[in-house]
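Taken together, the values in this text are just the output of simple stated rules run on the coordinates, not laboratory data. Small disclaimer: the values here were computed from a predicted structure and weren't measured.
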Amino acid sequence: MERPDNKLILMVLNVVKNPVYNIESLTINFLENEITGNSSRNELLYCTYWLEFHGFIKRDKNNVEKKYYSITEQGDFLLQKINNELS
């Protein structure tokens with residue numbers, strides 16, 4: 001799987017880390033805002049699945065409040081690393 005762009009990874013990780021995030025926030029609300037830049041829905045979903053496949057985010061087992069994903073320790077590390085690279 002090809003690694004998504006760092007800006008897209010950063011955006012998805014920030015959304016997943018947000019306590020009020022849900023899957024609709026990622027695919028609908030964020031596409032309506034400029035925060036995603038030129039990213040398509042497919043690119044956002046690909047990035048989400050890429051992050052899950054590589055262990056940066058995980059699916060919530062109980063699916064409480066339809067959160068769907070949470071960030072892992074490895075994902076927090078990647079988030080900090082990308083933030084440092086882009087600053």
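Would you grab the residues whose amide H sits under 5 Å from the one on I57? Only those 5+ places off in sequence or on another chain, please, with H modelled 1.01 Å from N. For I57, the qualifying residues are E52, T72. A cut-off of 5 Å between modelled amide H atoms, ignoring neighbours fewer than 5 places along the same chain, links Y69 with D60.
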